[in-house]
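Chemist: Quick one: this structure, given as structure tokens, is what I'll be asking you about.
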Amino acid sequence: MTDKSLYENNPLHGLKLDTLVEELVNHYGFKILFAATNLNCFKTKPSVASAIKFLKKTEWAREKLEDFYLYEFKSLPKPRLEEFDISPRTRIIPSDQTPGEPNELTVEELEEQKQRRVENYEQKRASKANKRFGGQPKQERDYDRKPVKKDVPSDPWANFKKSN
């Protein structure tokens with residue numbers, strides 16, 4: 001089995017960036033693409049040409065859009081944990097996985113998902129903090145507080161300016 005035959009099952013194999021962006025914009029539109037990927041090329045003065053120009057220059061943004069294409073537009077199962085470090089174009093997709101119909105997305109659903117992710121992150125962060133401090137909130141100590149000087153002006157150069 002050659003290297004070429006391994007990658008032929010990948011929907012990105014042989015697909016130009018121009019075609020990928022046009023397919024996504026035609027199906028989802030710029031608002032949903034921005035809500036899903038959080039790439040400003042889909043928010044500020046969106047056009048296919050400007051998005052392509054940006055994506056050609058920034059590899060991380062292109063990979064983020066390619067991930068969206070594979071796992072939302074082509075409805076492929078998410079990759080295994082060890083494949084997350086590999087770029088979407090070079091991932092080997094098993095031959096038993098075939099692309100499906102595009103997922104139907106709305107801006108509201110994407111905002112709810114984003115909010116849930118933020119809440120989950122905050123809960124995990126709070127639980128780690130509780131474990132770290134023995135389940136009790138951190139108590140403020142005298143040496144943690146910075147002294148407040150009331151007569152010092154907020155401008156450190158104020159005295160210098162006055163002397164001139």
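Chemist: Obtain the nm distance between the two label points defined at residue 80 and residue 129 by a simple spin-label model: each point lies 7 Å from its Cα along the Cα-to-C-beta direction.
Modeler: Distance between the two pseudo-spin positions: 3.8 nm.
Chemist: Rounded to the nearest 0.05, what FRET efficiency do residue 92 and residue 58 give with R0 = 30 Å and r taken as the Cβ-Cβ distance? Could you check? Walk me through the numbers before you get to the answer.
Modeler: Working: r = 25 Å, r/R0 = 0.82.
Taking R0 as 30 Å, the efficiency between residue 92 and residue 58 is 0.75.
Chemist: If you don't mind, another one. Please report, in debye to the nearest 20, how large the charge dipole of region 50-90 is about its Cα centre when each Lys and Arg carries +1 at its beta carbon and each Asp and Glu carries -1 there.
Modeler: Working: 9 positive and 8 negative charges, 56 e Å.
Dipole about the Cα centre, nearest 20: 260 debye.
Chemist: Count the net charge of all other residues whose Cβ sits under 12 Å from the Cβ of residue 93, scoring Lys and Arg as +1 and Asp and Glu as -1. Could you put the intermediate results ahead of the total?
Modeler: Working: positive: 74, 78, 80, 89, 91; negative: 8, 83, 96.
Its environment carries a net charge of +2.
Chemist: Whenever you get a sec, line up 54, 73 from highest to lowest accessible area (probe 1.4 Å, protein heavy atoms). Walk me through the numbers before you get to the answer.
Modeler: Numbers: 54 65, 73 20 Å².
Descending accessible area places them as 54, 73.
Chemist: Follow-up. For region 15-117, what is the convex hull volume of its Cα atoms per residue in Å³?
Modeler: Values: hull volume 11.5 nm³, N = 103.
So the per-residue hull volume is 111 Å³.
Chemist: Between residue 118 and residue 38, what is the label-to-label distance in nm when each label sits 7 Å out along the Cα-to-Cβ direction?
Modeler: For the pair residue 118/residue 38, the computed spacing is 1.0 nm.
The values are calculated or read from the model by the stated rules, or taken from the named source; none is laboratory data. This is a predicted model, so every value here is computed, not measured. Here Cβ is always computed from backbone atoms with ideal geometry, including for glycine, and neighbour counts include all displayed protein chains. For accessibility, only protein heavy atoms count, side chains too; no ligands or nucleic acids. Shrake-Rupley method; radii C 1.70, N 1.55, O 1.52, S 1.80 Å.
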